[in-house]
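Worksheet: one structure, shown below.
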Amino acid sequence: MHRTVKQYHPATIAAQASGHFDVDSSGVIPGIKLATTYLRGPDYALLSNDNSYGRDDNDTVRAAEETLRQLEEAEATLLFPSGMAAVASVFRAVPNGGRIVLQTGIYHGVTAFAESFCARRGIELERVDVSDADLLRAACEKPADIVWIEVPSNPWLKITDIAVASKLSREAGAFLVVDGTAATPIMTKALSLGADISMHSATKALNGHSDVMAGSLSCLNPESVIWQSIMRDRHDAGAIIGPFEAWLLLRGLRTLPLRVEKMSENALALARFLESRENVDEVWYPGLGSSPGHHIAKRQMRSGFGYLMSILIRGGSLEALGVAGRLELVRRATSLGGVETLVEHRATIEPQSGIPDNLLRLSIGIEHIHDLEMDLDRALKTKIF
């Protein structure tokens with residue numbers, strides 16, 4: 001059912017938490033509702049028709065879902081306790097013996113789960129570089145249940161044309177699912193570009209403070225077969241986010257537009273800076289004109305090109321680890337999307353995946369750009385023997 005509500009700008013939706021406040025105290029921010037069950041009257045009717053049991057019913061979770069729903073320009077949004085819980089819920093909607101087309105070179109957790117899950121359930125899994133429209137077209141010549149893409153991809157930073165992927169998915173009878181974790185709905189409106197489901201690891205930029213595990217799914221058609229399956233699966237499997245985590249996520253969402261715009265601004269400046277460094281062989285970032293997907297990114301991304309990039313250090317694993325080890329401001333840690341800049345040697349985290357051993361993935365934060373440039377420049381120039 002179409003919602004007839006005034007559509008404010010994302011910055012307004014985020015800053016005001018889509019209009020939610022603490023009803024009990026009239027506080028300007030929503031409270032944390034911790035109840036797991038709810039009272040009934042003498043006639044055993046619910047005192048609140050919206051709340052029966054905490055697995056599905058929590059006002060704090062609803063406030064976070066509604067804020068994200070509006071940012072996604074979706075008809076429905078569901079939160080999960082992690083990004084992978086959201087991923088698993090989508091995959092469990094595929095019947096035994098079904099078929100999934102999965103993008104290559106994406107977050108390794110999704111790939112590992114997909115391979116194991118599909119093997120157990122007798123589901124055909126075809127892995128394709130979907131950024132090549134011809135390869136995706138060939139994969140979609142056979143019927144499929146799901147086409148799964150990640151835009152931009154992690155850590156290869158490939159850009160897939162979502163509108164083209166949507167058309168080809170429909171021709172295969174498949175639902176298109178877009179993981180937009182590295183873009184956020186501030187930069188890419190996957191649903192408006194043709195995705196059936198928009199997925200995010202909300203642990204990353206949606207929360208933005210490296211202190212919450214969460215995942216989200218959003219759709220334009222809540223009556224679709226896949227969305228109804230996802231709703232049942234979340235309920236039956238108990239894949240729910242806690243109210244405190246939902247409240248922290250809502251707090252993070254309130255600054256999402258400011259954060260990602262600054263992070264993207266820093267990332268573009270840093271990508272251009274690193275392109276000129278002698279010890280950097282390549283910079284993978286969709287905001288650079290040299291990026292193969294730059295023209296697509298310009299068309300389907302707003303407010304910048306994201307906060308994620310990969311750089312290839314001249315040499316091999318030893319040289320790349322040396323650069324990472326000499327960084328003082330940039331922190332060595334596995335994640336992305338936080339306000340702090342992080343570096344990760346992907347080949348250490350994801351061995352035997354084909355990722356170059358001289359690749360460093362950078363998640364750019366909101367620090368002053370000159371401090372980030374100085375730290376990376378020093379680490380690239382200095383050698384400790």
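The values are calculated or read from the model by the stated rules, or taken from the named source; none is laboratory data. Everything quoted here is computed from the prediction, not taken from an experiment. Cβ: placed from backbone, ideal geometry, glycine included. Neighbour counts: every protein chain shown. For the accessible areas, the whole protein counts, side chains as well, though only heavy atoms, and no ligand, DNA or RNA atoms are used. Shrake-Rupley method; radii C 1.70, N 1.55, O 1.52, S 1.80 Å.
Details
- Take the conditions (1) open to solvent by 40 Å² or more (accessible area, probe 1.4 Å); (2) within 30 Å of Leu256 (Cα to Cα); Glu344 misses just one of them, which is (1).
- Per-region count, the stretch 292-342, residues of a type outside the set (A, V, I, L, M), touching a helix residue (DSSP H, G or I) at 6+ places or on another chain (Cβ under 7 Å) and touching a residue at least 24 places away in the same chain (Cβ under 8 Å): 11
- Top-ranked residue of the stretch 347-385 - restricted to ones that are buried (at least 16 other Cβ atoms within 10 Å of the Cβ) and among the polar types (S, T, N, Q), ranked as nearest to Met309 (Cα to Cα): Ser363
- The set of residues in the stretch 180-203 that are within 8 Å of the chain's Cα centre (by Cα), within 16 Å of Arg299 (Cα to Cα) and not in a loop (DSSP other than H, G, I, E, B) contains only Thr184.
- Residue check, Pro292 at pLDDT 95 or above, open to solvent by 10 Å² or more (accessible area, probe 1.4 Å) and not charged (D, E, K, R): no
- Pick from the stretch 34-69, criterion closer than 23 Å to Leu249 by Cα, among the polar types (S, T, N, Q) and assigned to a loop (DSSP other than H, G, I, E, B), ranking: most open to solvent (accessible area, probe 1.4 Å): Thr36
- Complete set of residues in the stretch 338-385 that are farther than 27 Å from Gly252 by Cα, touching a His at 6+ places or on another chain (Cβ under 9 Å), modelled with pLDDT under 95 and of a type in the set (D, E, K, R): Glu350
- If you check Ala74, Ala93 for being assigned to a loop (DSSP other than H, G, I, E, B), modelled with pLDDT of 95 or more, closer than 19 Å to Ser166 by Cβ and open to solvent by 10 Å² or more (accessible area, probe 1.4 Å), only one passes: Ala93.
- Odd one out for Leu321, checked against (1) of a type in the set (A, V, I, L, M); (2) open to solvent by less than 40 Å² (accessible area, probe 1.4 Å); (3) closer than 20 Å to Asp375 by Cα: (2)
- Checked against the criterion of being at pLDDT 95 or above and more than 26 Å from Lys33 (Cα to Cα), the candidates Ile241, Ile230, Ile197 yield just one match: Ile197.
- Annotation: of all residues in the stretch 119-138 being assigned to a helix (DSSP H, G or I) and in contact with a helix residue (DSSP H, G or I) (Cβ under 8 Å, 6 or more places away or on another chain), the one that is most open to solvent (accessible area, probe 1.4 Å) is Arg137.
- The stretch 4-33 - residue that is among the charged types (D, E, K, R) and open to solvent by 100 Å² or more (accessible area, probe 1.4 Å) and, of those, modelled with the highest pLDDT: Asp24
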